[in-house]
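Reviewing the structure listed below.
The values are calculated or read from the model by the stated rules, or taken from the named source; none is laboratory data. Here the structure is a predicted model, which means the values were calculated and not measured. Cβ atoms come from the backbone with ideal geometry, glycine included; neighbour counts cover every protein chain shown. For the accessible areas, the whole protein counts, side chains as well, though only heavy atoms, and no ligand, DNA or RNA atoms are used. Shrake-Rupley method; radii C 1.70, N 1.55, O 1.52, S 1.80 Å.
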Amino acid sequence: MNITSVDPFVAPLTFLDTKEYESLKVIFFILTFLFFTFFIYFIVVLLTVYFTTPHVQENARYVLFAHMLINDTLYLILGLILSVVYTFLIYIPLPVCYLMITLAATTFKVTPYNLAVMSLERYIAICFPLRHVVFCTTRRSHFVIAVMWFVGLFPHVADFIVLIVSVEKGFFLQGVACRQESLIVIPLQSIIRSFSSIGSLVLVAVVILFTYVRVIIIARKTNSKSSYASKASRTLMLHAIQLLLCLLSLTSSFTESYNGEYVVILMGFNFLLFMCLPRFLSPLIYGIRDEVFNKCIKKIYSSQA
């Protein structure tokens, strides 16, 4: 047997074949499953409140909130599937991989867009209360949601056009261990994705910072820590924390560029801390702090008792 022919292949997989690696995989998926189960349960409760309470469905703020819950759920489901596929080296058709990566990346970008729009809604409610009913309607909320998805998908349409022009037809017939890097064939694709992600998150950061400062000014003018404006400023601060975690997730592109034997561990860590945690905060921000949802949730549980 020619041992030298297999040495280059075996060496990088030394750690991947150990019991420690298998234990880490088990721990990662147990933690992810526990977080995901709690998240899904809480999301179902909140969406039940939304779809069974007519006056909640007529509020633009809650329309945006429900959309964010559905969007984040879709993102986490796709992220979990992609993590399992890559960790266990499951090869899937490239077109299916491309579709999943596109949806995951779009839902990732829609979350900060949604945070920005929700921040603007709070800004209008506090700074222009008389115009809030005119500007923040459910119809306009649905239109804004459609715009968010269009803006989120547009860079991927450009990426797809670049891809089909740059590769041969046989490229889409292969199977891959689905990962974003598997779909990048020329540097222009990386430029498009980096520019769209960084540009979007920076723009959202400016919007949230502007609305937060304006609401803080109004809150100080009221001279009441328990005022409506003060509560809105705390909500905006939580939005800023969510956005900060989304911004930190951009570091995953640098850490995961390391192709050593610990890349799977890095991907798992990035997924839990930077992808899951900001989405877990959304239900807590509104589900627990919001009086309407809080009362409805208590009513549901009291009726079941």
For the stretch 172-213, how many residues meet the condition of being in a helix (DSSP H, G or I), small (Gly, Ala, Ser) and farther than 30 Å from THR235 by Cα? 2
For the stretch 147-184, give me each residue that is open to solvent by 60 Å² or more (accessible area, probe 1.4 Å), farther than 23 Å from VAL110 by Cα, among the aliphatic types (A, V, I, L, M) and in contact with a helix residue (DSSP H, G or I) (Cβ under 9 Å, 6 or more places away or on another chain). ILE164, LEU173
Long-range neighbours under 8 Å by Cβ, at least six apart or interchain, first residue under 22 Å from PHE36 (Cα atoms) within the stretch 84-95, second surrounded by 16 or more Cβ atoms within 10 Å (Cβ to Cβ) and of a type in the set (D, E, K, R): TYR86/ARG179; THR87/LYS25
For the stretch 187-210, which residues satisfy the criterion of being within 17 Å of the chain's Cα centre (by Cα) and polar (S, T, N, Q)? SER194, SER196, SER197, SER200
Could you check LEU89 against (1) in contact with a Phe, Trp or Tyr (Cβ under 6 Å, 6 or more places away or on another chain); (2) not in a helix (DSSP H, G or I) and say which number it fails? (1)
Which count do you get for residues in the stretch 53-62 that are within 21 Å of PHE39 (Cβ to Cβ) and buried (at least 23 other Cβ atoms within 10 Å of the Cβ)? 0
Pairs needed: first member in the stretch 279-298, over 11 Å from THR235 (Cα atoms) and open to solvent by less than 70 Å² (accessible area, probe 1.4 Å); second member anywhere, modelled with pLDDT under 75 and β-branched (Val, Ile, Thr); C-beta distance under 8 Å; at least 6 residues apart or different chains. ASN294/ILE288
